[in-house]
């Protein structure tokens, strides 16, 4: 069956012919599918409420609850399930009505097994297309490069651990400063895992309020709150069989942490407004720029959630500790962002400045520096002034004149430099926090936290 990944693919057969169910289940198990069987529509509805299925093979004529009622339930409750109707010869008109009601296709009894497999194959491909379209529409599966750029020993060490981690199915915690590429490493793990053909779904825990995060993660029932006009599937359901990446997980509220813990423990969750426990099989990768152990000691993060999440911990070193990678990354961004007809290059002086720059914003800051320089450079070569770095870093000087010790060594701390840089960008943008957060490569919530931490205030020049 080309095009179908049978592992982590769950099928439900609903037919009152127990012999047919048994034989078909045995055949499909040999293909590598996970298969459940039920013998009436009411049992199909119960099973769908409790479990996650990719395809439902559904007979129309059953004793208590007919197939049409099951189709109505599925299209409202779990629309991602693809329904293949198993119809008798004289039920052609009814089968067509079922397709209009939301079924994917039908196949008439008695059927050839190869024909059923072909239809099943198409249904699974259709489901994958729907999931990918939904991910793109929600802008949660962001475009990223196919490879991680860098040749430093520090990066190679992290990638070696990531490759080993990818072979397991354990949850992972990725630690690193803002802008170090935690999302890219998470996707690298996903692509090198057995789940690579399934969805890679991203949610930023710092960018949404509590109720919206819970709704995005676990879904909601129709009428659960004012704007819940229909039932919504959560990302844990969409990501079934794949990977769920929780960025900035340290920002997750104490209200939501127990619900995430429950899901990590047994794969169970409830939609907002729901009373039935559902299950989904996903691997969770969390990322944070905080020290979660310290956060746990301060009662800001649950210890049991931390221990459940960091079965494997990957730490990405900051760019200042990977100086061998700076020029590789800079040239990668130059190639990626320069106009095709007039590519830009870095002058030797600009290269020297970049290699000696501290990059408090890490790779994301380097990317923004290169992007700006391409715009401001008047010639084919980018010079130090075009980099638009703090004045003290330009023209080969890497010291802030107001913070120089007698032996001419820099004594400015990383926190002081971050405070100075954020203040400068805020003032440049007239304290437009959204624009400033975008330029700094951080979330508005993180920017607000930094403003409070450093007690920043608007400065008039």
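The values are calculated or read from the model by the stated rules, or taken from the named source; none is laboratory data. None of these values were measured; they are calculated from a predicted model. Glycine also receives a Cβ, built like all others from the backbone with ideal geometry; neighbour counts cover every protein chain displayed.
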- prompt: Right, residue 304: modelled with pLDDT under 90 and either in a loop (DSSP other than H, G, I, E, B) or surrounded by fewer than 21 Cβ atoms within 10 Å (Cβ to Cβ) (or both) or not?
  reply: no
Scanning the stretch 257-279 residue by residue, those touching a helix residue (DSSP H, G or I) at 6+ places or on another chain (Cβ under 6 Å) and closer than 22 Å to residue 443 by Cβ turn out to be 257
Flagged in the stretch 105-118 as within 15 Å of residue 59 (Cβ to Cβ) and either touching a residue at least 12 places away in the same chain (Cβ under 8 Å) or surrounded by 13 or more Cβ atoms within 10 Å (Cβ to Cβ) (or both), in numbering order, are 105, 106, 107, 108, 109, 111, 116
task: Please work out if residue 207 is surrounded by fewer than 17 Cβ atoms within 10 Å (Cβ to Cβ) and either outside the structural domain of residue 170 (by TED's automatic domain parsing) or over 26 Å from residue 11 (Cβ atoms) (or both).
output: yes
Going through the stretch 137-168 in order, the residues found to be part of a loop (DSSP other than H, G, I, E, B), in contact with a strand residue (DSSP E or B) (Cβ under 8 Å, 6 or more places away or on another chain) and modelled with pLDDT of 75 or more are 168
Can you confirm whether residue 377 is touching a residue at least 12 places away in the same chain (Cβ under 8 Å) and buried (at least 22 other Cβ atoms within 10 Å of the Cβ)?
no
Of the residues in the stretch 307-318, those that are in a helix (DSSP H, G or I) and in contact (Cβ under 8 Å) with a residue 12 or more places away in the chain number 2
Flagged pairs (Cβ under 8 angstrom, 6 or more apart or on separate chains; first in the stretch 445-458, loosely packed, with under 12 Cβ neighbours inside 10 Å; second in a helix (DSSP H, G or I)) are 458/426; 458/427
Only one of (1) touching a strand residue (DSSP E or B) at 6+ places or on another chain (Cβ under 8 Å); (2) at pLDDT below 95; (3) crowded, with 17+ Cβ neighbours inside 10 Å; (4) more than 23 Å from residue 332 (Cα to Cα) does not apply to residue 134, and that is (1)
- Message: Quick check on residue 212: is it assigned by TED's automatic domain parsing to the domain that holds residue 285 and either modelled with pLDDT of 90 or more or not in a helix (DSSP H, G or I) (or both)?
- Response: no
Filtering the stretch 319-368 down to residues that are without any contact (Cβ under 8 Å) to a residue 40 or more places away in the chain and part of a loop (DSSP other than H, G, I, E, B) yields 338, 339, 340, 341, 342, 343, 344, 347
Taking the criterion of being in a strand (DSSP E or B), surrounded by 18 or more Cβ atoms within 10 Å (Cβ to Cβ) and modelled with pLDDT under 95, would at least one residue in the stretch 249-269 satisfy it?
yes
Note on the stretch 413-444: residues free of Cβ contacts under 8 Å to residues at least 60 places away in the same chain and at positive phi are 430, 431
Picked from the stretch 29-44 (must be farther than 22 Å from residue 266 by Cβ and touching a helix residue (DSSP H, G or I) at 6+ places or on another chain (Cβ under 8 Å)), the residue surrounded by the most Cβ atoms within 10 Å (Cβ to Cβ) is 44
Going through the stretch 280-299 in order, the residues found to be crowded, with 16+ Cβ neighbours inside 10 Å, touching a residue at least 40 places away in the same chain (Cβ under 8 Å) and touching a helix residue (DSSP H, G or I) at 6+ places or on another chain (Cβ under 9 Å) are 280, 282, 283, 284, 285, 286, 287, 288, 289, 292, 295
Fill in: Residue check for residue 197: over 17 Å from residue 309 (Cβ atoms), touching a helix residue (DSSP H, G or I) at 6+ places or on another chain (Cβ under 9 Å) and either without any contact (Cβ under 8 Å) to a residue 24 or more places away in the chain or assigned to a helix (DSSP H, G or I) (or both)
no
Of the residues in the stretch 17-55, those that are without any contact (Cβ under 8 Å) to a residue 12 or more places away in the chain and more than 31 Å from the chain's Cα centre (by Cα) number 5
